[in-house]
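J.: Here's a structure for you.
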Amino acid sequence: MAWKCSVIMQMGRFLLLVILFLPREVTSSVLTVNGKTENYILDTTPGSQESLICAVQNHTREEELLWYREAGRVDLKSGNKINSSSVCVSSISENDNGISFTCRLGRDQSVSISVVLNVTFPPLLSGNDFQMVEEGSNVKLDCNVKANPQAQMMWYKNSSLLDLEKSHHQIQQTSESLQLSITKVKKSDNGTYSCIAKSPLKTESLDFHLIVKALHEG
C-alpha cells in the first residue's frame, strides 16, 4: 500500500505543477484616475469644469476602458478608450453634488475606480413668500433650502429671533427644509418672518410675509 500512497502523492505534485503553470487570464491591471489608485472625493464648485483621466497600470496588452456616470454609460470617442480615457465634467451645478463617475476595465468590470463630486455652495432658499389668512386658521411657512455644507437654520420675526409659543408655534426641520407651523393664527402673528440659513460659506435669508385678516373681513 505504501507504494500506492507514494504514486498518488507524486501524481498530486505533478497535477499541482501543471495547474500552476497553465496559461491563464490574470487581471493584474490597476486603474488610476488623475493619478489616484483608490476611490476618492473631488471637491469642486458650481460653474467649474473638471477633467477625469483614467489610465491602466501594469497592463500587458491593449485595454479598453469604460466610463459610467452613476449607472449610465458615458459615450466615448473611439480614440478615447484604449489604455487611457478622459471625461470632462463641465458646467457643474448644485445638482451634481454626490454624483459618481466610475472608470471600469472593459474585459473585467470588477476592476474599477470611482470619483464622487463634492460640490460646495452657499444656501439656496425658496418658498411661498406671501400668504393671507383669516384669524383662527392654521398656516405653514415652508422654507426650502439647498446647501453644502449643510446650513444652520432658524426663524426670525420682524428682524428678531422668533419667540416660540408652546402649542402655537411648531418647527420641523429636515436637511432640505425648515417649516414653521402656526396654529390658530392671531392678529399678533401678522408680520414678516425671515428664514435664516447660516453656513461656513455664507448666510442667506428669505422673507415670508404673513397677513392675518379679521374673521370674515372683506
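J.: Quick one: ranking ILE41, ILE53 by accessible area, 1.4 Å probe, largest first, what do you get?
T.: So the residues, ranked largest to smallest area, are ILE41, ILE53.
J.: Roll a 1.4 Å probe over the protein chains and send me the accessible area per residue for the stretch 30-119 in Å².
T.: Roughly 54 Å² per residue, with all protein chains present.
J.: Using only the heavy atoms of the protein chains and a 1.4 Å probe, how would GLU38, GLU50, GLU63, GLU135 rank by accessible area, largest first?
T.: Descending order: GLU38, GLU135, GLU50, GLU63.
J.: A further question follows. What is the ratio of the Cα radius of gyration of the stretch 30-119 to 2.2 N^0.38 Å, with N the residue count, to two decimals?
T.: 1.05
J.: Specify, per residue and in Å³, the volume enclosed by the convex hull of the alpha carbon atoms belonging to the stretch 122-213.
T.: Taking the convex hull of the Cα positions in the stretch 122-213, it is 78 Å³ per residue.
J.: Given R₀ = 41 Å, what would the calculated FRET efficiency be for ASN158 paired with VAL74, taking r from the Cβ atoms and rounding to 0.05?
T.: 0.20
J.: Further, regarding this structure: What figure, in Å² to the nearest 10, do you get for the accessible area of PHE121 with a 1.4 Å probe and non-protein molecules left out?
T.: Near enough 10 Å² of accessible area.
J.: Using θ = phi - 60° and the Karplus curve 6.51 cos²θ - 1.76 cosθ + 1.60, what whole-Hz ³J(HN,Hα) does each residue of the stretch 111-120 get, with Gly and Pro shown as x?
T.: Working through the residues one at a time gives 8, 8, 8, 10, 10, 10, 7, 10, 8, 8 Hz.
J.: Around CYS195, under 10 Å between beta carbons, what's the net of Lys plus Arg minus Asp minus Glu among the other residues?
T.: -4
J.: Reachable aspartates and glutamates from LYS146, Cα under 19 Å, same-chain residues fewer than 8 places away excluded?
T.: The qualifying aspartates and glutamates are ASP43, GLU94, ASP96, ASP129, GLU176, GLU204, ASP207.
J.: Another question, if that's okay. Quote to one decimal, in nm, the extra length available between HIS59 and LYS184 on full extension: 0.36 nm per residue of separation minus the C-alpha distance between them.
T.: 37.8 nm
The values are calculated or read from the model by the stated rules, or taken from the named source; none is laboratory data. These numbers come from a predicted model, not from an experiment. Note that each Cβ is placed from the backbone with ideal geometry, even for glycine, and that neighbours are counted across all protein chains shown. All accessible areas refer to the heavy atoms of the entire protein, side chains included, with ligands and DNA or RNA removed. Shrake-Rupley method; radii C 1.70, N 1.55, O 1.52, S 1.80 Å.
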